[in-house]
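The values are calculated or read from the model by the stated rules, or taken from the named source; none is laboratory data. A quick note: this is a predicted structure, and the numbers were derived from the prediction, not measured. Don't worry about glycine lacking a Cβ; one is built from the backbone with ideal geometry, like all the others, and counts go over all protein chains shown. Areas reflect the complete protein model, heavy atoms only, side chains present, ligands, DNA and RNA absent. Shrake-Rupley method; radii C 1.70, N 1.55, O 1.52, S 1.80 Å.
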Amino acid sequence: MDEIQIASLLKSSELFPIPQSVKLSYGTAGFRGDAKLLESTVYRVGILSALRSLKLGSATVGLMITASHNKVSDNGIKVSDPSGGMLSQEWEPFADQIANASSPQELVSLIREFMEKEEIMIGEKNKGAEVWLGRDTRPSGESLLRAAEIGVGSILGSVAIDIGILTTPQLHWMVRAKNKGLKATENDYFENLSTSFMCLIDLIPVSGNDKLEISKLLVDGANGVGGQKIEELRGSLSNLDLEIRNTGRDGGVLNEGVGADFVQKEKVLPLGFGSKDVGMRCASLDGDADRLVYFYIPSESSEKVELLDGDKILSLFALFIKEQLNILGDDKEGKQSRLGVVQTAYANGASTDYLKQLGLDVVFAKTGVKHLHEKAAEFDIGIYFEANGHGTILFSESFISWLVSKQKDLTDKGQGGSEEHKAVSRLVAVSNLINQAVGDALSGVLLVEVILQHMGSSIQKWNVLYKDLPSRQIKVEVPDRTAVVTTSEETEALRPLGIQDAINSEINKYPRGRAFIRPSGTEDVVRVYAEASTQEAADSLANSVAQLVKSFLGSS
Ligand code: 16G
Ligand code: MG
C-alpha cells in the first residue's frame, strides 16, 4: 500500500469516527443495529467490499443496506459476493476487526496486514474494484449509502455504483447476473420473472374444457420495499390477481404489526387484514423481501391465522419438482437426478416426516441462509427453506445443461408436445424463475401461485399436506450466550456440560417431544425451541428447558 493510498484512507476515515462502546459483529447476516450508530461501520464495509472485488479480479461485489424485518430506526449492511451468494465466511473475521478498529491508524494497519496476507494489489496494473450499492426504503438508507460510497472510493481506482432502492434478493440477483455477463438491470430482473412465470403458466395441463379459475391473492408488503416492487411487477403479469396491501404509501410503518416475521412469530393477522378476508389466500413478505410466508383466516371468530410457513412452501416445491422428475423417469444414459432438501432444527417435525415419506433426501444445516445454501448446492436440485420463510431452489450448472440438452433432443425428435418435454421445460422455467442467488419472496410468490394453479389446489388443500406439530419458542437472557456450544446441526448442546442430558430427560416426558437450545446469531440471547403433540405440552417443555438454561448459565 503506497503513501497516497494510506493518506486517502486516513483522510476519509476521519469523517467517520467510531461511536463509543459499541461492539459490532458481522453475525449471521451482516452488521445490524441502530441506524444512528452505523455510519462508520458502513463506511468500513465499503472498504472491505472494494478489497473483495480486487481480490476476485475486479468482479462486481454488492452491498445491501437493510435491516430486514427489524424496526425502521435500525439499519444494517451486508455484502454479496460476485456469485450473488453471501460474503465468503473466511472474510467475516476481517469484517469484525475493521468494524471495531478504534482509530484511523488502527484501521489502516489492519487493512494493510490483510492485504498482504490476501495478496491484494492496488495499482495501475489492475483494473479497479466495482461495487454495486442497494438499499431498502428505510429513511436512514440514503446517508448510509453515501458513507458506503466514500468507503469504496477510498480504495484508489474503485467505482461505487448506486443502483437504487431494491429488495435484498434483487441486489444479489443483479450482482450474479452482472458477473455471469448476463443482462443485469432491475428491468431484466422483472422481465426474467414474468417470462419464466408465463412459461410455467402455459405449461399447466388443461383437462377437457376446464377453465382455470384464478382467485385473488392478498399480499402484505410489510410497508417496505417488497410491496412496492411487487406492485411494479404486477403490470407485466397475467394469470395472477394480486391485491397488495401495506405498501408503505398509506402511512403504515415498516415491519410494525406487519410482515412475514410478525405473522410467522405471532401467528396473528397483520394490520390491514380483517374478517372480510376470511378464507382468502394471503402472503406476507418481510421488510427486504427475502422471506415469504402464506396464511389465511380460518373463521371470523378466529384471532389466529392458519400459517403456511417456509416448511410448507418447501413441501409444495418439493412435491412439484418430484412430480416433474418422475415424469422424466430414470434417464437412459444412467443419469439419475439427485433431489435433496435442506432444513434447520427449527423445521417442524411434521414437515420433516412428510418430506421423508415422499422419499426425499432430507439434510440439516445450521441456522442462517449461508449454511443452508451451501448444503443445497451439493445436490443437482437442492431445495432449502427455514421455517421463517427464507429459502429457494438451487439447480447445479451441470444439471441445467443436461435439462437444456434433453429439451433440445426431444424437440429434434419431434417430441415437442410430449409429457417428458413439458416436464423438462417446467424444470428449466423453474430454474429461471426462482432466484439462484438467495431466497426471494417475489420469485417465491410466483412459484407458489403457479404450482397451486397447476395442481388446481386451494390454500386450504395445500395446508393439509401435513399438520404442524404445536411448537413454542422462548428467548432467555444470560450473562454469556457463547457458553452454549451446539453440534453442527444445532439439535444438541455440547456445552455447558450436562445440559443436554437434562434437556433429554425433559423431552422424554412428552409424546412427540423435541427441543433444542442455541445461541442467537443476531441478538444477545439463548433461544429455546420445543415442540410436542399438544400446545400445552410444547409450552411446558419450552418453559422447563428455559429453566435449565437459566440454572446452567445464570440469568442476566
Ligand atoms: C438472520 C438470517 C436468518 C436466520 C436468523 C436467525 C440470513 C439472510 N438471515 O436473520 O436466516 O434465520 O438470522 O437469527 O441469513 P437468530 O440467530 O437470532 O436466531
Ligand atoms: Mg429479510
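Values computed for the structure shown
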{"quantity": "For GLU266: the one exception among (1) outside the structural domain of LYS422 (by the TED database); (2) within 16 Å of ligand 2 (Cβ to nearest atom); (3) out of contact with any His (no Cβ under 7 Å at 6 or more places or on another chain)", "calculated": "(2)"}
{"quantity": "Members of region 362-413 that are assigned to a loop (DSSP other than H, G, I, E, B), touching a strand residue (DSSP E or B) at 6+ places or on another chain (Cβ under 9 Å) and either more than 10 Å from ligand 1 (Cβ to nearest atom) or not assigned by the TED database to the domain that holds VAL341 (or both)", "calculated": "ALA365, ALA377, GLU378, PHE379, ASP380, SER396"}
{"quantity": "Meets criteria (out of contact with any strand residue (DSSP E or B) (no Cβ under 7 Å at 6 or more places or on another chain) and under 16 Å from PHE16 (Cβ atoms)) for ALA184", "calculated": "no"}
{"quantity": "Flag if LEU237 is over 21 Å from the mean Cα position of the chain (by Cα), more than 20 Å from VAL72 (Cα to Cα) and not assigned by the TED database to the domain that holds ILE459", "calculated": "yes"}
{"quantity": "Filtered residue count, region 90-144, keeping only those that are part of a loop (DSSP other than H, G, I, E, B), closer than 30 Å to GLU256 by Cβ and of a type outside the set (S, T, N, Q)", "calculated": "3"}
{"quantity": "Hey, LYS276 without any contact (Cβ under 8 Å) to a residue 24 or more places away in the chain and more than 16 Å from ligand 1 (Cβ to nearest atom) or not", "calculated": "yes"}
{"quantity": "Count of region 206-223 residues which are modelled with pLDDT of 95 or more and in contact with a strand residue (DSSP E or B) (Cβ under 9 Å, 6 or more places away or on another chain)", "calculated": "7"}
{"quantity": "Criterion: within 31 Å of the chain's Cα centre (by Cα), without any contact (Cβ under 8 Å) to a residue 40 or more places away in the chain and not assigned by the TED database to the domain that holds LYS366 - qualifying residue of THR522, THR487, THR534, THR491", "calculated": "THR487"}
{"quantity": "Matching entry among ALA147, ALA184 (being touching a residue at least 40 places away in the same chain (Cβ under 8 Å) and among the aliphatic types (A, V, I, L, M))", "calculated": "ALA147"}
{"quantity": "Qualifying positions in region 283-334 - in contact with a His (Cβ under 7 Å, 6 or more places away or on another chain) and basic (Lys, Arg)", "calculated": "ARG291"}
{"quantity": "Qualifying residue in region 356-366 (condition: surrounded by fewer than 19 Cβ atoms within 10 Å (Cβ to Cβ), in contact with an Asp or Glu (Cβ under 7 Å, 6 or more places away or on another chain), polar (S, T, N, Q) and over 30 Å from VAL278 (Cβ atoms))", "calculated": "no"}
{"quantity": "Among the candidates LEU156, LEU171, LEU182, residue that is closer than 28 Å to THR392 by Cβ and out of contact with any Phe, Trp or Tyr (no Cβ under 9 Å at 6 or more places or on another chain)", "calculated": "LEU182"}
{"quantity": "Selection from region 69-83 of residues that are among the polar types (S, T, N, Q), part of a loop (DSSP other than H, G, I, E, B) and touching a strand residue (DSSP E or B) at 6+ places or on another chain (Cβ under 7 Å)", "calculated": "ASN70, SER73"}
{"quantity": "Spans of strands (runs of 3 or more DSSP E) in region 462-537 with at least 1 residues within 16 Å of ligand 1 (Cβ to nearest atom) and among the polar types (S, T, N, Q)", "calculated": "471-476"}
{"quantity": "Number of positions in region 65-77 that are within 11 Å of ligand 1 (Cβ to nearest atom) and open to solvent by less than 10 Å² (accessible area, probe 1.4 Å)", "calculated": "4"}
{"quantity": "Restricting region 27-36 to residues that are modelled with pLDDT of 90 or more and more than 15 Å from ARG138 (Cα to Cα), the residue that is farthest from ligand 2 (Cβ to nearest atom)", "calculated": "PHE31"}
{"quantity": "Count - residues of region 508-556 that are under 16 Å from GLY368 (Cα atoms), open to solvent by 30 Å² or more (accessible area, probe 1.4 Å) and modelled with pLDDT of 95 or more", "calculated": "2"}
{"quantity": "Sole exception among (1) surrounded by 13 or more Cβ atoms within 10 Å (Cβ to Cβ); (2) on the phi > 0 side of the Ramachandran plot for PRO470, by number", "calculated": "(2)"}
{"quantity": "Search result, residues across region 1-53 that are of a type in the set (A, V, I, L, M, F, W, C) and under 22 Å from PRO82 (Cα atoms)", "calculated": "ALA29, PHE31, VAL42, VAL45, ILE47, LEU48, ALA50, LEU51"}
{"quantity": "Filter result for the condition that a residue is of a type in the set (A, V, I, L, M, F, W, C), open to solvent by less than 10 Å² (accessible area, probe 1.4 Å) and more than 16 Å from ligand 1 (Cβ to nearest atom), over VAL61, VAL22", "calculated": "VAL61"}
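The rows are residues; the columns are (1) within 21 Å of LEU447 (Cβ to Cβ); (2) hydrophobic (A, V, I, L, M, F, W, C); (3) surrounded by 21 or more Cβ atoms within 10 Å (Cβ to Cβ); (4) without any contact (Cβ under 8 Å) to a residue 24 or more places away in the chain.
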site	(1), (2), (3), (4)
HIS390	yes, no, yes, no
GLU397	yes, no, no, yes
GLN415	no, no, no, yes
VAL428	yes, yes, no, no
